[in-house]
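What follows is a single structure, written as structure tokens, with notes after it.
The values are calculated or read from the model by the stated rules, or taken from the named source; none is laboratory data. Keep in mind the model is a prediction, meaning the values are calculated, not measured. In this analysis, Cβ positions are derived from the backbone assuming ideal geometry, glycine residues included, and neighbour counts consider all displayed protein chains. Accessible surface areas use protein heavy atoms only, side chains included; no ligands, DNA or RNA. Shrake-Rupley method; radii C 1.70, N 1.55, O 1.52, S 1.80 Å.
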Amino acid sequence: MPTALICGGGVAGLSSALHLKRDGWRVRLFEKDTELRTAGVGLNIWPNGVRVLQGLGLGECFLAEAASMNRWWTLDSDGTRTSDTDVSSWPDELGAPITGARRRRLNAMLAAGLDTEEIVFGATAETYQQDGEQITLHLADGRRATGDLLLGTDGIGSRIRTRVLGARPAFTDPGLYRWRGVFACAEAGVPTDVQADVFGPTGHFGWIPIDATHAYWYGTLDGLTTLEQVSEVYSSWSGTPVPAIIAASEPASLIGREITHYRSHLPRWSDGRALLVGDSAHPMFPGMAQGANQALIDGQTLARCLREHPDVPTAVTAFERERLPVANKMVDYSRLHFDYTRTREEYAAGRGNLQIQRYLEFE
């Protein structure tokens, strides 16, 4: 039985582990924390991601807890509705709806498919060594594990990535902050089956329902780093639901963090039996809401490549050849969302929902 060593317990690591386990691999997932943790509160799972979950046998369970969308609005900060897209037909047309979900619930659902002994907590991946037959993972505390395949699913700070490339990549400039929070849809007066984005002169704001009663919001304003600053600006967007949403936010849910990503696409994701998957390979700005979806697709694609190419290095190369250009194009699209002036003008010109248009290029 071949063994996969997986470094990181996020969506990329957990879903990759489930795909490989289903194909008869022995999996060992190493997570640096003492429990599975998540950054953020909610996430958008598009039809491409829902289809992966369906393939893992988790579709019914996921959809029972997630919120499915019927419409997607875009608004200007002055209150003008610049697009209103009906997505209620996507389950028939694309095989799945566009959804919002609580991030912790998705991770817990994925982790439930692994046995207790398959997840090692308190284990920080440090580096690796390999020969023609196997690869050995070195943990920060001196422990080692040997297998046939090593996946770096340890995110944007990945030490496995640095070992694959031989150096740490350059990152984008600091100073871009993203704020998030959870609120009851009824309190804010917004529907539970509509997600929306609002564009202003110096930033944007959006919200996505994540279950039958609640939604999460996200927002970024140029140069503003505190909740008090962003709340003051958003309060002037009085023709939109934004002020009511912030007022209805659950205080304990409010999270702000700096967004930073690779300045340029990585030249490669693999090194023999070592492979980068998810955010360690292609971190995305949240503009296309595709980070988790692309991580899910990574795991599915890797499993297929390993079935088609029993030689692990050959399968890894095939995976990289297939996924790298696709994921990198999605990364490029995710950044366009943060060009606020351009995006606001494009929506005001009646060009329709740009995110949906770009996503459908991949369907």
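Using modelled backbone amide H atoms (1.01 Å from N, in-plane), which distant-in-sequence or interchain residues come within less than 5 Å of LEU176's amide H?
ILE259
Counting only heavy atoms of the protein chains, get the accessible area per residue of region 1-145 (1.4 Å probe) and round it to a whole Å² value.
Per-residue accessible area for region 1-145 comes out at 42 Å².
Need the full-extension length gain, ALA244 to ASP311, defined as separation in residues times 0.36 nm minus the C-alpha distance. One decimal, nm.
Answer, rounded to one decimal: 18.5 nm.
Along the charge dipole of region 1-109, which of GLY9, SER89, ALA66 sits closest to the positive end, that is, farthest toward it, with unit charges on the beta carbon of Lys, Arg, Asp and Glu (+1, +1, -1, -1)?
Positive-most Cα among the choices belongs to GLY9.
State the antiparallel share, in %, of DSSP beta bridges confined to region 1-121, rounding to the nearest 5.
The antiparallel fraction comes to roughly 60 percent.
Can you work out ³J(HN,Hα) from phi for every residue in region 65-73, in order, using Karplus 6.51 cos²θ - 1.76 cosθ + 1.60 and θ = phi - 60°, giving whole Hz and x for Gly and Pro?
9, 7, 9, 9, 8, 10, 9, 9, 9
Which value, in Å² and to the nearest 10, is the accessible area of SER235 when all protein chains are kept and the probe is 1.4 Å?
Here the accessible area works out near 70 Å².
Could you tell me whether region 1-69 comes out rounded, prolate or oblate from its Cα gyration tensor? Rule is a ≥ b ≥ c as square roots of the eigenvalues, rounded for a/c under 1.5, then prolate if a/b exceeds b/c, otherwise oblate. Let's see the in-between values first.
Working: a/c = 2.80, a/b = 1.36, b/c = 2.06.
Cα axes put region 1-69 in the oblate bin.
Enumerate the residues in region 198-238 having an amide nitrogen under 13 Å from the point lying 7 Å beyond the Cα of ALA348 toward its Cβ.
Only 199-203 fall inside the zone, counting backbone N under 13 Å.
Taking 0.36 nm per intervening residue step and subtracting the Cα-Cα distance, what contour gain separates ALA140 from ARG168 on full extension?
8.3 nm
Could you check the spin-label model distance between ASP23 and LEU254? Points 7 Å from the Cα along Cα→Cβ, value in nm.
Label-label distance for ASP23 and LEU254, simple model: 4.6 nm.
How many percent of all Cα-Cα pairs in the chain sit more than 38 Å apart?
Cα-Cα pairs in the chain separated by more than 38 Å: 17 percent.
For the chain, what % of the accessible area comes from carbon and sulfur atoms, probe 1.4 Å? Write out the running numbers ahead of the final one.
On the way: 6960 of 14450 Å².
Answer for the chain is 48 percent, counting heavy atoms of protein chains only.
Where q = 0.11, 0.13, 0.19 Å⁻¹, what log10 of I(q)/I(0) comes from the Debye formula for region 215-304, counting one point per Cα?
Rounded to two decimals, the profile gives -0.50, -0.64, -0.96.
Summing +1 for each Lys or Arg and -1 for each Asp or Glu, what net charge is found among the other residues whose Cβ lies under 15 Å from the Cβ of ALA244?
-2
Given +1 on the Cβ of Lys and Arg, -1 on the Cβ of Asp and Glu, and no further charges, what dipole in debye does the chain carry about its Cα centre, rounded to the nearest 20? Show your work: numbers first, answer last.
Numbers: 35 positive and 44 negative charges, 146 e Å.
The calculated dipole for the chain is roughly 700 debye.
Could you give the length gained by full extension between GLU361 and GLU93, i.e. 0.36 nm per residue of separation minus their alpha carbon distance, to one decimal place?
95.0 nm
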